[in-house]
Amino acid sequence: MNLTTRTSMAELARRIFSTLSGTSGELVPGPFEGSDAQLALTLPNGALVSILPDVDMPAMYEIVRLDTMALVVDKLTSDRVIDLLMEEAGLAAGS
């Protein structure tokens, strides 16, 4: 497991939990042996998502909806991850 990525995921988790009240989740091992950790989340509206390190772009992330196993979007900065999670949870400004 890549310690640098795991630290980044832990910091991203702290930012998500402090920004999206009512979100729960944990860092879990990646889906394949030796793959980086991912963040499994339940958003305040009950949506299940996973945040993974982007495989092509170090320090970028992708979001997967776990109910459909569909990629929401990839190649995201941590700020954009939080913005999109707020949209997925129905908490974006103007929602």
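The values are calculated or read from the model by the stated rules, or taken from the named source; none is laboratory data. It should be emphasised that the depicted structure is a prediction, and the values quoted were computed from it without experimental measurement. Note that we place each Cβ from the backbone using ideal geometry, even for glycine, and neighbour counts take in every protein chain shown. Areas reflect the complete protein model, heavy atoms only, side chains present, ligands, DNA and RNA absent. Shrake-Rupley method; radii C 1.70, N 1.55, O 1.52, S 1.80 Å.
Identify all residues within region 48-78 that are touching a residue at least 12 places away in the same chain (Cβ under 8 Å) and among the hydroxyl-bearing types (Ser, Thr, Tyr); write none if there are none.
Matches in region 48-78: 50, 61, 77, 78.
Pull up region 25-45, narrow it to residues that are open to solvent by 50 Å² or more (accessible area, probe 1.4 Å) and charged (D, E, K, R), then point me to the one that is nearest to residue 91 (Cα to Cα).
Residue satisfying both the conditions and the ranking: 26.
How about region 80-95: which of its residues are at pLDDT below 90 and either surrounded by 17 or more Cβ atoms within 10 Å (Cβ to Cβ) or under 16 Å from residue 9 (Cα atoms) (or both)?
Those that are at pLDDT below 90 and either surrounded by 17 or more Cβ atoms within 10 Å (Cβ to Cβ) or under 16 Å from residue 9 (Cα atoms) (or both): 88, 89, 91.
Filter region 1-19 for residues that are modelled with pLDDT under 85, under 15 Å from the mean Cα position of the chain (by Cα), open to solvent by 70 Å² or more (accessible area, probe 1.4 Å) and among the polar types (S, T, N, Q) and give the result.
7
Please work out which residue is surrounded by the most Cβ atoms within 10 Å (Cβ to Cβ), limiting yourself to region 50-68 and to residues that are within 12 Å of the chain's Cα centre (by Cα) and over 10 Å from residue 81 (Cβ atoms).
Applying the first criterion (within 12 Å of the chain's Cα centre (by Cα)) to region 50-68 yields 50-54, 60-66.
Applying the additional criterion that residues be over 10 Å from residue 81 (Cβ atoms) yields 50, 52-54, 64-66.
Details: 50: 18, 52: 21, 53: 24, 54: 13, 64: 18, 65: 14, 66: 13.
Out of the qualifying residues, it is 53.
Kindly establish whether residue 22 is open to solvent by 40 Å² or more (accessible area, probe 1.4 Å), at pLDDT below 90 and on the phi > 0 side of the Ramachandran plot. Before the answer, list the steps.
Numbers: open to solvent by 40 Å² or more (accessible area, probe 1.4 Å): yes; at pLDDT below 90: no; on the phi > 0 side of the Ramachandran plot: yes.
Against the criterion (open to solvent by 40 Å² or more (accessible area, probe 1.4 Å), at pLDDT below 90 and on the phi > 0 side of the Ramachandran plot), residue 22 does not qualify.
Pairs needed: first member in region 18-29, among the hydrophobic types (A, V, I, L, M, F, W, C); second member anywhere, part of a strand (DSSP E or B); C-beta distance under 9 Å; at least 6 residues apart or different chains.
20/41; 27/38; 27/39; 27/40; 28/38; 28/39; 28/40; 28/50
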